Amino acid sequence: MYVDPEIIRLLAFLVGVIAFAALNAAYLVWLERKEAAHIQRRIGPKEVGPFGLLQPLVDGIKLMTKQLIVPAGVDPVLFKIAPILVMVPAIMSFVTIPFSDTLVARNLDIGLLAIFAFASVNVLGLLLGAWGSRNKYAVISAARVVSQNVAYEIPMLVTVVTLVMISGTMNLSKIVGLQLGGFWNWNIFNLSASPLMPIAFLIFFVCMLAETNRAPFDMAEAESELVAGAFTEYSGMGFGVFFMGEYANIVIGASVATILFLGGWDCPFGLFPGVHWFLIKMYFLIFTVIWIRWTYPRTTFYGLLNLSWKILIPISFVNLILTSAMLKVF
Amino acid sequence: MSAFAESEAKETFVLNLGPQHPATHGVLRVKLTMDGEYIAEAEPVLGYIHRMHEKMGENRTWAQFMPNTGRMDYLHALAYNHGYVSVVERAAGIEVPERAEYLRVITAELNRVSSHLLWFGAFILDLGGFSPLLYAFDDREHILDLLESVTGSRLTYCYFRFGGVYNDIDDNFVPGTRAFIKRLRERMPMYHNLVTKNIILMKRLQEVGPISAEMCRKYGATGPVCRGSGINFDVRKHEPYSIYPEFDFDVPVYEQCDSMARYMVRMDEIEQSLRIIEQALDKLPEGPVMAEKVPKILKPAKGDYYHAVETARGSFGVRVVSDGTNTPYRLKLRSPTFSNLSLFGEACQGMLLPDALALMGSLDLVIPEIDR
């Protein structure tokens, strides 16, 4: 029987991507707990396995063996579908991400657009889950998610448009290809295209925090205000899948930031580019995301709206205009 | 869907905050009428941990009520001890040895610092910052160790007795306390750098949650709440008791009336308490810690007595009416947080939910003390 090698390749990538997403979700929880513990001068998980490394496994088993409670009065269809709607787009986004020049499942020409399209579906999943829960805390949280969505996506997309203008392509592999050859070629230091590039990276990073609902922008699940926000009624694996989706989104956000600004798989000194550099940069960004969460208190959503409309959007537009002017002149 | 807006004319809904909500720190329930995320009306519902302390006091001897005092405000139990023993000593005419008074002040002020440290951590936790809580608990642990060595317990102290204190300090207490003061003074700048000067925290607290001096007078708010509204009132200064007049300390007062002012009052009070402890340790006299002629069965003269002390949350007053028997005829407890909470309903009208919860955190509520 003849099987197209392309299909086998895609199947292998599918399994790989799902395994990567799941493993990351599990071990980022471990990383988060360990990092939080050390920031707070504790030890963190240490009982299960060496350095508590088997803790995610045990947590997973616990979550999976728990009963899936569907509270009376919820919309059962939306309630059950919402976690999947958060998880699936996150996994889909991995398909277009180039981990190195050869390690990419589908080298789409509109890869960047696809990722942002999937990211919007993720917000929809949260909204549906909260609405389907028929819980007042969850509904308030859903309203916050929507206002947050409007606030952060504009500066983020304007920044991305700036980068697309510089690169002239939406193909993620080609965007990285243009930055190869040392850290001075990376977009974050591409001062000849626009002197505001480091600030553009900061804007993108802040928007990424907001997009993944991470502190200090975790208003959607502000535990001291809304109990658990959109996840209030979820338990067991329903909650677990939401949680995995959240971590998968952090990985996506860090990956996109790495690709757009930090030169993807490029080595800073022009030596031995490869997937390891991609992972080092990505995990460094994730480490920073966790670091921020355990350092800062939460903002309010009008704080985020003010930040977005008064600071991030004007600066990102200035950057856009400046970049287009520079491109025209030089 | 029936849980949501009933009619189109008035699109509000009732949000039941508590009694098991993470932000209410205990079993406080607040019935919020919400217009979107704005609070139209807030009604605190009390009584979930009511234990009839006043009635219990009328059913047992004067001394038997002592342990109850530590169980009202479990975070500043020694001030409650102090209030109750003072009023009974006033009623029975008991003279307290000087060393005992010094020990009372030292331990009560240490307890105040531990209460403020716990509040600091819990308040930042309300604002979504988790890490300061564990740093504050680390410092508080040292106080608990010190107080454990003197009083024998770590939380619900019952250390004071009519006519003195239960136990003299050991040799390690004075150097241990001095070491702690040095340590905390080194840590406070870190807290201010990491937390107070944090831009997010400043945005969340400054000009948010206004409580005017007028409102404080109307509801009888005391303690850091009224001092954050520009009212210079501290029972230790203005109705001096025990040996507080002998010490040189300031009453921090802020005029801004916002949540930040109340935050700053408490942070400054930690330093002022440390100053009091330091002076008391310097002057600590030798002598007995218990008055000699305290009758085994106490029967204070007939009369009506009142004594107020300054706790970490405000003015705590005890009124006892004695009919000359071995049990109080009437025992009335005036707890500060009850008054401080009562202004919440008016203060938070029209506020956003996160800001209202920041305001509630800045009131420093201890629920068992509200319900008693």
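The values are calculated or read from the model by the stated rules, or taken from the named source; none is laboratory data. Since this is a predicted model, take the numbers as computed values, not measurements. We place every Cβ from the backbone using ideal geometry, glycine too, and count neighbours over all the protein chains shown.
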### Query
Does the stretch B:35-86 hold any residues that are polar (S, T, N, Q) and buried (at least 16 other Cβ atoms within 10 Å of the Cβ), and which are they?
B:Asn68, B:Thr69, B:Asn81, B:Ser86
### Task
Please indicate, with yes or no, whether at least one residue in the stretch A:130-145 is away from chain B (no Cβ under 14 Å) and crowded, with 23+ Cβ neighbours inside 10 Å.
no
### Message
So, B:Phe173, is that one surrounded by fewer than 21 Cβ atoms within 10 Å (Cβ to Cβ) and either modelled with pLDDT of 90 or more or more than 14 Å from every other protein chain (Cβ to nearest Cβ) (or both) or not?
### Response
yes
### Query
So which residues in the stretch A:288-307 are more than 7 Å from chain B (Cβ to nearest Cβ) and closer than 14 Å to A:Phe205 by Cβ, if there are any at all?
A:Thr288, A:Val289, A:Ile290, A:Trp291, A:Ile292, A:Arg293, A:Leu307
### Query
A:Thr295 is checked against (1) outside any helix (DSSP H, G or I); (2) modelled with pLDDT of 80 or more; (3) closer than 24 Å to A:Leu113 by Cα and fails just one. What number does that condition carry?
(3)
### Task
Filter the stretch A:112-129 down to residues that are buried (at least 21 other Cβ atoms within 10 Å of the Cβ) and small (Gly, Ala, Ser) and give me whichever is nearest to the other protein chains (Cβ to nearest Cβ).
A:Gly129
#### Entry: Of residues in the stretch A:271-301 being in contact with a Leu (Cβ under 7 Å, 6 or more places away or on another chain) and more than 15 Å from A:Ala215 (Cβ to Cβ), the one surrounded by the fewest Cβ atoms within 10 Å (Cβ to Cβ)
A:Val275
### Summary
Output for Cβ contacts, cut-off 7 Å, separation at least six or different chains, first residue within 14 Å of chain A (Cβ to nearest Cβ) and within 17 Å of B:Asn232 (Cα to Cα) in the stretch B:201-216, second loosely packed, with under 14 Cβ neighbours inside 10 Å and acidic (Asp, Glu), reads none
### Residue list for the stretch B:258-297, restricted to those being crowded, with 19+ Cβ neighbours inside 10 Å, assigned to a loop (DSSP other than H, G, I, E, B) and hydrophobic (A, V, I, L, M, F, W, C)
B:Val289
### Task
For A:Pro45, indicate whether it is more than 14 Å from chain B (Cβ to nearest Cβ) and in contact with a helix residue (DSSP H, G or I) (Cβ under 6 Å, 6 or more places away or on another chain).
yes
### Query
So how many residues does the stretch A:208-224 have that are in a helix (DSSP H, G or I) and either closer than 13 Å to A:Ala130 by Cβ or modelled with pLDDT under 75 (or both)?
5
### Message
Go through (1) surrounded by fewer than 21 Cβ atoms within 10 Å (Cβ to Cβ); (2) within 14 Å of chain A (Cβ to nearest Cβ) for B:Ala358 and report which single condition fails.
### Response
(1)
### Task
Using the structure shown, decide if B:Leu274 is in contact with a helix residue (DSSP H, G or I) (Cβ under 6 Å, 6 or more places away or on another chain) and more than 30 Å from B:Phe65 (Cβ to Cβ).
yes
### Message
For the stretch B:319-341, give me each residue that is buried (at least 17 other Cβ atoms within 10 Å of the Cβ) and either of a type in the set (Phe, Trp, Tyr) or within 20 Å of B:Cys226 (Cβ to Cβ) (or both).
### Response
B:Leu333, B:Arg334, B:Ser335, B:Pro336, B:Thr337, B:Phe338, B:Ser339, B:Asn340, B:Leu341
### Query
So, of the residues in the stretch B:110-137 that are facing chain A (nearest Cβ under 7 Å) and free of Cβ contacts under 8 Å to residues at least 60 places away in the same chain, which turns out to be farthest from B:Ala79 (Cα to Cα)?
B:Gly128
### Message
I need the full set of residues from the stretch B:222-246 which are over 18 Å from the mean Cα position of the chain (by Cα) and either at pLDDT 90 or above or more than 23 Å from B:Glu278 (Cβ to Cβ) (or both), in order please.
### Response
B:Gly230
### Task
With the condition kept exactly as written, say whether any residue in the stretch A:67-87 is within 14 Å of chain B (Cβ to nearest Cβ) and either under 23 Å from the mean Cα position of the chain (by Cα) or without any contact (Cβ under 8 Å) to a residue 12 or more places away in the chain (or both).
yes
### Query
Which one is farthest from B:Tyr74 (Cα to Cα), of the residues in the stretch B:154-165 that are in contact (Cβ under 8 Å) with a residue 24 or more places away in the chain and part of a loop (DSSP other than H, G, I, E, B)?
B:Gly163
### Query
What residue, of B:Ile231, B:Ile200, is assigned to a helix (DSSP H, G or I) and more than 27 Å from B:Thr69 (Cα to Cα)?
B:Ile200
### Query
Taking A:Glu225, is it free of Cβ contacts under 8 Å to residues at least 12 places away in the same chain, over 24 Å from A:Ala114 (Cα atoms), within 14 Å of chain B (Cβ to nearest Cβ) and more than 16 Å from the chain's Cα centre (by Cα)?
yes
